[in-house]
């Protein structure tokens, strides 16, 4: 038993080291004074100063953040509705097709998804004149399309494990279904919705393939800019912007964990009283 525990602990430590040591090295080399990204030349903030003067990266980062916030918010709303439909509507005509449509973006290769969305936007432009050009709007719609499936799965899983007696008791006391959903169901699944929002935000911020298919001139996201620069050689500016993004994501995860812990603590305190 002791040998097995040691093996599992060693495997766990190796897995975390494999994931996080490269990230720590990237953060360390973002403070490198050398113009070569892989050669340590001393501690310096020079590449953060240079990053402030790099309009291309700053504009791409701002565009990526805007798209990620909008797409994550819309995907959370639509994914929550889809999860509620699958869990609360029972068997209805077209449920199998609807479930398949929700699951398809999860298993579909990104190249296929990006190409199909590109053909959709081109066809719409020829038939209706919209969109007049591919850009931030088409990227946002594309990100909403595939990320809402992840939110729907998370919300549906939370609803499946939730005690329905609370909703039934509220309706027995005369609560309207809409009011019960607003006052009982949504607060209970709020942690799942927050998790779905963070996942959708991360997927949008990280996406390269689908954004490449659905973007146009003057609408390059941060992954697209970084990828174009990496092909010519990694510069310390890329390490700096990656470190800033890691910090933003880390703060978001910590804030989400704190909010979920606070909610669970309040729920536990209410149950004790």
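Report, to the nearest 10°, how far helix 2-29 tilts away from the longest principal axis of the Cα atoms in the chain, using its own Cα long axis and a range of 0 to 90°.
Around 50 degrees separate the two axes.
Does anyone have the angle between helix 55-88 and the longest principal axis of the chain? Alpha-carbon axes, 0 to 90°, nearest 10?
The angle comes out at about 20 degrees.
Normalized C-alpha radius of gyration of segment 57-150, against 2.2 N^0.38 Å? Provide the component values of the computation, followed by the final result.
Values: Rg = 15.3 Å, N = 94, 2.2 N^0.38 = 12.4 Å.
In units of the 2.2 N^0.38 Å rule of thumb, it is 1.24.
May I ask you to sort 126, 168 by Cβ crowding, counting other Cβ atoms within 10 Å and putting the fewest first?
Working: 126 8, 168 13.
Lowest to highest Cβ neighbour count: 126, 168.
Give the span of segment 171-273's Cα atoms along each principal axis, as three whole-Å numbers ordered largest to smallest.
Computed over the Cα atoms, the extents are 66, 29, 16 Å.
Let a ≥ b ≥ c be the square roots of the eigenvalues of the Cα gyration tensor of the chain; is it rounded (a/c under 1.5), or, if not, prolate (a/b larger than b/c) or oblate?
Oblate.
Mind checking the full-extension length gain between residue 40 and residue 111? Use 0.36 nm per residue of separation minus the Cα-Cα distance, one decimal, nm. Don't skip to the end; give the middle numbers.
Details: separation 71, 0.36 × 71 = 25.56 nm, distance 3.73 nm.
Stretched out fully, the residue 40 to residue 111 stretch lengthens by 21.8 nm.
Principal axis extents for segment 98-235, Cα atoms only, whole Å, descending order, please.
64, 42, 24
When the chain is fully extended, how far beyond the present Cα-Cα distance does residue 59 get from residue 124, taking 0.36 nm per residue of separation?
On the way: separation 65, 0.36 × 65 = 23.40 nm, distance 2.81 nm.
Difference between extended and current length: 20.6 nm.
Given a Förster distance of 35 angstrom, what is the FRET efficiency for residue 266 paired with residue 208, based on the Cβ-Cβ distance and rounded to 0.05?
Values: r = 40 Å, r/R0 = 1.14.
Computed FRET efficiency for residue 266 and residue 208 comes out at 0.30.
Expected output is a single nm value to one decimal: the length gained when fully extending between residue 132 and residue 8, i.e. 0.36 nm times separation in residues minus the C-alpha distance. What is it? Kindly include the intermediate steps, with their values, before the conclusion.
Working: separation 124, 0.36 × 124 = 44.64 nm, distance 5.57 nm.
Length gained, residue 132 through residue 8: 39.1 nm.
Starting from the 7 Å offset along Cα-to-Cβ, what nm value, one decimal, do you get for the label separation of residue 69 and residue 163?
For residue 69 paired with residue 163, the spin-label model returns 3.8 nm.
Quick one: compute the contact order of segment 61-267, relative version, from alpha carbon pairs under 8 angstrom and 6+ residues apart, as a percent.
Working: 199 pairs, mean separation 71.2, N = 207.
Contact order relative to length: 34 percent.
Against the longest alpha carbon principal axis of the chain, how many degrees, from 0 to 90 and to the nearest 10, is the axis of helix 95-107 turned?
20
Each value in this text was obtained by applying a stated rule to the coordinates, not by laboratory testing. The structure presented is a predicted model; accordingly, all values stated were derived computationally and were not measured. Backbone-built Cβ (ideal geometry, glycine too); neighbour counts: all protein chains shown.
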